[in-house]
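Down below is the structure, laid out as structure tokens.
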Amino acid sequence: MKEKKSLSRKAKHGIISLAVTCLVVVAVIIINIIAVTLTDKYSALTADITGMQSFNITEQSLKIAQEIKKDTKITFLNSKSSYESLDPYCKQTSALANQLAQNSDGKISVEYVDLVKNPSFQNKYPDDTLSTTDVIVSCGDKYKILTKDDLFTFENYSETYQYIKSSQAEQEIDSAILTVTSDVSTKVALVTDNCTDDYSYLKSVLNTNNYEITEVSLLTQDIPDDTDTVIVYAPTKDYTYDAVEKLEKFLVNNNRYGKNMLYVSYCKKADTPNIDALIKNFGIKIDDGLAFDMDTSRIFGNNYYDGLACNFASDKYTSSISSDAYPVIVSLSRTIQLTNEDVAENLLVLSSQSGYCPFDAKDGEWSMPDAVTGNVSVMAQGTLGNDTGKSTLVVAGSSSMFEKAMLGSSFSNQKYLMNMLADLNGRDTDTLTLEDKVITDYDLKISTQTANIVGIILYAVIPLMILGAGFVVFLMRRNR
């Protein structure tokens, strides 16, 4: 009987090295699986190293997630890997949705349904056409479908190529959550007859904050009976008597009042006697000229008429605006006078060095310093009613206050507007602020703390692990 040959020393060392290598690889895989599982479940264990925190939810989203009371589902109509591979912005959207779920105490769930592999899913939405890039937010029988055009802002690189410039996915998902979980909807009629100014961003802000918008033409339509607030946007010429009568009928509301109207003035000369008569009933008159301010410390624009900082003439609608916040800004605004202070009050005024320039002012006959009257008004409101209810008419001197350049900036225009509408309609003053998120090449920045952690891992932990593994191998070989 032959004796079994023992393994050579070289072979033993090879087997030991292979075993140690396998153990290290298995350990790395196990650690990676544990890390992925934990970070998927606990957002606090993840780190967003982008300079603008593009993959982290904002405070307003965190509050929505933490305060939600109803079970809500966010459904991506694609597999997770396929959706995230479409574009970095899609991966960002997926990450934001998962963070909402992680912070909702189980109230928000995220699912991925591959529409191609599961075409029968379309049967749940027979009145809608679904796409693999859609996201559905649902609560019970209520749902809102967000398309790629809702979630992202696109820009053309050439005639044949379009790319995602920025994302508004977070606020759109936030808005959808509020919409499907809310038991109350505020209805706003937007009257745009004779209007040439752009009101699209205003509509976006209102939609985001769960206001149900209906565009109405007073020439051919009546204001729906269930409307809570009417916004008349910058008419360049007068409305007919019948059209103005519809507005008055809405505000009086069969003598029950309880309605609201925001009138946004056109910034140029416009002859509007019928509209002016309605506004006068609420103790307000719009001057035939533009506001200016000679206090250069209160000018954020290019001249005395542009980018003028407003002061609050009343504490109405200011509760959530801190004293160190940027002011409300107005440009090319007509000035406003109170004709009956028993029913009307100023809301926004300019500085003590402000005044107004009449549209018919002639060079050499008009002097800006001589026209200073101080604290001219650019927004006011009047209230009429009885013991049953009150109706409020707010008059703004210019549509510039509600354009994207103002509403989408760091100034307080959006906050003030939403506070106003919330207060007038008896809603919570918490609002969703529109702010696009952008992922850029130069956005990959890390904080000092993160850099220190990465440095310790790269220069200490990993080298020590390698040295430790080598020392173990050395001891094992030596003992052999």
If you filter the range 53-110 for trypsin sites (Lys or Arg not before Pro), then keep DSSP loop positions with at most 16 other Cβ within 10 Å, what is left? K69, K70
So for each of 118-126, 279-287, 224-232 I average, over its residues, the number of other beta carbons within 10 Å; can you give me the resulting order with the highest mean first? 279-287, 224-232, 118-126
Placing unit charges on C-beta atoms (Lys and Arg positive, Asp and Glu negative, everything else neutral), compute the dipole magnitude of the range 226-366 about its Cα centre in debye, rounded to 20. 260
The range 219-296 versus the range 144-165: alpha-carbon centroid distance in Å: 36
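I'd like the per residue volume of the convex hull spanned by the Cα atoms of the range 186-231, given in cubic angstrom. Let's see the in-between values first.
Values: hull volume 2.6 nm³, N = 46.
Cα-based convex hull of the range 186-231, divided per residue, equals 57 Å³.
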Give the residue from N311, Y326, S351 lying farthest towards the positive end of the charge dipole for the range 293-365; charges sit on Cβ (+1 for Lys and Arg, -1 for Asp and Glu) and the dipole is referred to the Cα centre. Y326
Choose one of I108, F76, A95: the residue whose Cα lies farthest towards the positive end of the charge dipole of the range 68-114 (beta-carbon charges +1 Lys, Arg; -1 Asp, Glu; about the Cα centre). I108
Flagged as over-length at 22 Å C-alpha distance, from K316/K390; K148/K415; K91/K124; K268/K362, the pairs are K148/K415; K91/K124
Quick check: pseudo-label points 7 Å beyond the Cα along Cα→Cβ at E215 and I457, how many nm apart are they? 5.0
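FYI, it's all coordinate maths here, none of it is from the lab. These numbers were taken from a predicted model, which means no experiment stands behind them. FYI the Cβ positions are ideal-geometry reconstructions off the backbone, even for glycines, and counts take in every protein chain you see.
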